[in-house]
Amino acid sequence: MEIRDAISSSVMVVSAFVMVYKLVYDYTPKDPVVVVSCVIFVGMLAVLFLSVAEQLKRIETDIKRKERSLRVSMQSVEEEVKKEVTATTSKLEAIKDEILSKRRYR
């Protein structure tokens, strides 16, 4: 948890506590403390949502980067396997041709 998230959470908790205290014990209509507490509460909630959205974007970027790296690695492995298969196939063809040519001469 980042420092910004911790500060936002603590401010939100204090604001909610003040708001509930004023609402339960001595609420008067249009009480400025309740209004300010509500504004702070909603503001901190918005900051936390923005922080979560930012973290999700960062995670998505990391996943895309790793996926791209994995794709490149798979392509290089695929090329190496193709080279090996081609080399082995050509060797097998040469051996097959050699065996067939020996049988013809007998």
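Data table
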quantity: Yes/no for A46 being surrounded by 10 or more Cβ atoms within 10 Å (Cβ to Cβ) and under 27 Å from the mean Cα position of the chain (by Cα); calculated: yes
quantity: Residue tally, condition charged (D, E, K, R) and not in a helix (DSSP H, G or I), over region 1-31; calculated: 4
quantity: Pairs, first surrounded by 10 or more Cβ atoms within 10 Å (Cβ to Cβ) in region 77-106, second of a type in the set (K, R) and at pLDDT below 90, C-beta under 8 Å, six or more apart; calculated: none
quantity: Residue among V36, V52, V42 that is modelled with pLDDT of 85 or more, under 30 Å from I3 (Cβ atoms), among the hydrophobic types (A, V, I, L, M, F, W, C) and assigned to a helix (DSSP H, G or I); calculated: V52
quantity: Residue within region 19-30 that is among the charged types (D, E, K, R), out of contact with any Leu (no Cβ under 8 Å at 6 or more places or on another chain) and at positive phi present; calculated: yes
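The values are calculated or read from the model by the stated rules, or taken from the named source; none is laboratory data. Quick caveat: nothing in here was measured; it's all calculated off a predicted structure. Glycine gets a Cβ as well: all are built from the backbone with ideal geometry, and neighbour counts include every protein chain shown.
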